[in-house]
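Down below is the structure, laid out as structure tokens.
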């Protein structure tokens with residue numbers, strides 16, 4: 001028997017609201033979300049933590065889906081007290097079967113905490129996740145107007161671990177031992193491209209001499225996948241500032257074949273506590289986080305697993321939710337390197353945003369604007385040993 005219903009009087013339609021940094025989260029993750037917001041506020045950002053149910057109630061008449069989220073972010077961007085928000089975190093996993101249809105094919109029902117933005121955007125797959133569209137607000141272009149990242153967590157424990165990892169990454173002392181080496185991984189050359197050569201050109205043209213590149217190229221430096229995988233895992237455990245992969249991939253691994261070069265099954269064995277790299281994955285599908293619990297297994301994407309791993313894995317991953325070709329990936333890759341290594345942008349979202357802007361300027365492979373997603377917090381401070389002497393503007 002219902003005795004009373006208490007009205008939730010929170011209102012995000014009041015233009016007096018203002019924030020630089022917005023976390024959209026599920027009720028289950030409110031505590032870690034507030035911890036992360038407090039950390040950002042200590043850096044001078046105005047913050048707002050918004051429950052997904054409040055968005056559904058105020059911008060969607062209680063209806064669950066992507067449209068109320070976009071409506072809320074549009075309203076905040078255009079009506080909240082200036083300056084408009086710059087960073088958006090989606091704290092929560094999501095998938096394409098929120099009603100649990102056909103459990104024999106798609107597994108038992110589980111919560112879709114923050115729904116993915118599904119759209120027919122990939123020229124090869126058709127429908128896929130295009131979360132950047134949540135922050136496409138003004139103009140007639142597909143470019144995001146805010147910097148967005150997803151923390152694809154499914155439990156409060158995962159959310160807490162991810163937040164703690166972000167805070168510790170930003171607070172640990174700088175170390176030249178692991179904040180200058182870069183790991184360059186490439187699949188073997190085939191009809192899809194000469195991936196080792198693409199990687200070599202990237203290093204020679206876009207990586208400053210102060211950064212040392214360790215190479216693991218299948219068919220060039222290592223001739224079996226087992227040897228290459230062992231070298232990759234050892235390098236990550238030793239500590240790397242950035243790990244760059246170029247080659248084929250699936251949802252759950254880099255490269256084709258059993259086990260690939262790096263897979264979700266390898267993450268549990270990582271031991272790189274407090275030495276978390278940025279991952280740049282120039283491949284296919286590796287960030288396709290939207291599978292439900294598929295009975296046949298391999299449901300989770302490598303990007304989500306390696307970023308939310310507790311006390312190990314990556315601090316962030318710039319990953320594809322769809323397919324693509326090497327030429328398009330190369331544009332994104334080069335501009336990401338320019339942003340991080342030459343322009344020295346201070347925050348991760350600024351680097352990924354710059355890579356999309358330059359892809360748009362190229363006028364080619366524009367589907368990648370929709371299908372590249374940052375896994376992690378876009379406001380993550382990029383931890384460098386080599387610092388510029390000019391002051392950074394944190395916002």
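Cα axis of helix 30-42 to longest principal axis of the chain: angle in degrees, 0 to 90, nearest 10?
Rounded to the nearest ten degrees, it is 70.
Please quote Rg/Rh for the stretch 21-150 to two decimal places, taking the Kirkwood radius as Rh and restricting both calculations to Cα atoms.
On the way: Rg = 15.5 Å, Rh = 15.7 Å.
So for the stretch 21-150, dividing Rg by the Kirkwood Rh gives 0.99.
For a quick protection proxy, order the peptides 236-249, 321-334 by their average other-Cβ count within 10 Å, most packed first.
Values: 236-249: 23.9, 321-334: 20.3.
Result, highest mean Cβ count within 10 Å first: 236-249, 321-334.
How do 285, 109 line up, fewest other C-beta atoms within 10 Å first? Mind showing how you got there, number by number?
Values: 285 25, 109 14.
By the 10 Å Cβ count, ascending, the order reads 109, 285.
Rank these for me by crowding, 206, 280, going from fewest to most other beta carbons within 10 Å. Intermediate results must be reported in sequence, preceding the final value.
Details: 206 16, 280 28.
In order of increasing Cβ crowding within 10 Å: 206, 280.
On C-alpha positions alone, give me the angle between the axis of helix 348-362 and the longest principal axis of the chain, in degrees, nearest 10.
Relative to the chain, helix 348-362 is tipped by roughly 80 degrees.
Angle between the Cα long axis of helix 66-79 and the longest principal axis of the chain, 0 to 90 degrees, nearest 10?
With rounding to tens, the tilt is 80 degrees.
What percent do you get for the relative contact order of the chain when only Cα pairs under 8 Å and 6+ apart count? The partial results should precede the final answer.
Working: 881 pairs, mean separation 68.0, N = 395.
Computed value for the chain: 17 percent relative contact order.
Can you list the residues of the stretch 102-142 with backbone N under 15 Å from a point 7 Å past the Cα of residue 64, pointing along Cα to Cβ?
Hits in the stretch 102-142 for residue 64 at 15 Å: 102, 108-117.
Sort 84-92, 57-65 for me by packing, meaning the mean count of neighbouring Cβ atoms within 10 Å per residue, highest on top. Before the final figure, lay out each step's value.
Details: 84-92: 24.7, 57-65: 14.0.
Result, highest mean first: 84-92, 57-65.
If one computes the Cα centroid of the stretch 115-191 and of the stretch 9-77, what distance in Å separates the two points?
Comparing the Cα centres of the stretch 115-191 and the stretch 9-77, I get a distance of 19 Å.
For the chain, set up a GNM with springs between Cα atoms under 10 Å and report which of 81, 258, 157 has the largest fluctuation.
258
Rank these for me by crowding, 95, 191, going from fewest to most other beta carbons within 10 Å. Please report the intermediate quantities before stating the final value.
Values: 95 23, 191 4.
Listed from fewest to most nearby Cβ atoms, that is 191, 95.
Read-outs: derived from the displayed coordinates by stated rules, not from any lab. Everything numeric here is computed off the predicted structure, so don't read it as measured data. Glycine gets a Cβ as well: all are built from the backbone with ideal geometry, and neighbour counts include every protein chain shown.
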